[in-house]
Amino acid sequence: LLVSSSLSTSINILIERCHAVRNTATAFGGGIRIDNSYVELESCYTLDNTVTSGSGGGIALTGMSTVTMSYCAGAGNTASATGGGIYCVLENSPTLYSTYICGNSAGSHGGGLFLSEMCSPMVDKCLISGNEATGSGAGGGLYLYNGGGEYKNTVISGNTAAVNGGGISCDGSW
């Protein structure tokens with residue numbers, strides 16, 4: 001699923017009870033890619049999706065999107081590069097509420113979540129568990145580069161990284 005618009009227009013969309021299962025993409029968003037859009041995902045699942053030469057095995061947030069994910073799950077997704085579960089760049093500020101990011105894998109950084117280039121999420125009541133950053137990867141659960149965010153009431157456990165930060169790796173973040 002690709003949701004995209006130009007910078008001069010915006011798309012407001014609600015996606016409820018949808019499942020992106022066993023999909024493959026080459027560059028971004030094995031299950032879902034959201035680009036320059038306003039999207040609410042409620043009770044959605046990304047399961048066993050793959051990106052073969054890029055990032056965001058489950059979901060890729062690119063462009064300057066506003067995304068709210070409530071009661072969602074991302075599991076078993078794989079990215080050859082970064083962000084096995086969720087890949088977020090370019091000043092996106094997603095809200096994740098009561099969402100599970102479990103059992104995802106990245107060939108580099110951010111097995112569960114990869115947050116970069118001033119991506120600043122609000123993460124509340126989430127579980128980030130059993131994710132893996134392989135290769136020369138850091139941040140098995142969460143990799144944060146040049147970004148920030150607010151993380152509360154969230155469990156980050158049982159994640160692994162090949163190099164640094166099995167749970168969380170912050171690099172140049174605020």
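The values are calculated or read from the model by the stated rules, or taken from the named source; none is laboratory data. Every value quoted in this text rests on a predicted model; they were computed, and no experiment measured them. Using ideal geometry, Cβ is built from the backbone for each residue, glycine included, and neighbour counts are taken over all protein chains shown. Side chains included, ligands, DNA and RNA excluded: accessible areas come from the protein's heavy atoms. Shrake-Rupley method; radii C 1.70, N 1.55, O 1.52, S 1.80 Å.
Largest first, the three principal axis extents of the alpha carbons in the chain are 41, 34, 26 Å in whole numbers.
Rounded to the nearest 20, the size of the Cβ-charge dipole of the chain about its Cα centre is 220 debye, with Lys and Arg at +1 and Asp and Glu at -1. Residues of the stretch 108-143 falling in the label zone of GLU150, defined by backbone nitrogen less than 14 Å from a point 7 Å along Cα to beta-carbon, are 120-125. Have a look at GLY110, ALA25, TYR38 and report the one farthest towards the positive end of the charge dipole of the stretch 1-116, computed about the Cα centre with Cβ charges (Lys/Arg +1, Asp/Glu -1). Result: ALA25, furthest along the dipole toward the positive end.
Using 0.36 nm per residue of separation minus the Cα-Cα distance, give me the extension gain between GLU117 and TYR71 in nm, one decimal. The GLU117-TYR71 span can extend by a further 14.0 nm.
Note on TYR38/SER98: beta-carbon distance plugged into 1/(1 + (r/R0)^6) with R0 of 22 Å gives a FRET efficiency of 0.60.
So what's the net charge close to SER43: Lys and Arg +1, Asp and Glu -1, counting the other residues with Cβ under 15 Å from its Cβ? Cβ neighbours under 15 Å give a net charge of -1. Which percent of the accessible heavy-atom area of the chain goes to carbon and sulfur, probe 1.4 angstrom? Carbon with sulfur: 52 percent of the solvent-accessible area. Could you report the chain's accessible area per residue, 1.4 Å probe, as an integer in Å²? Here the residues of the chain average 42 Å² of exposed surface.
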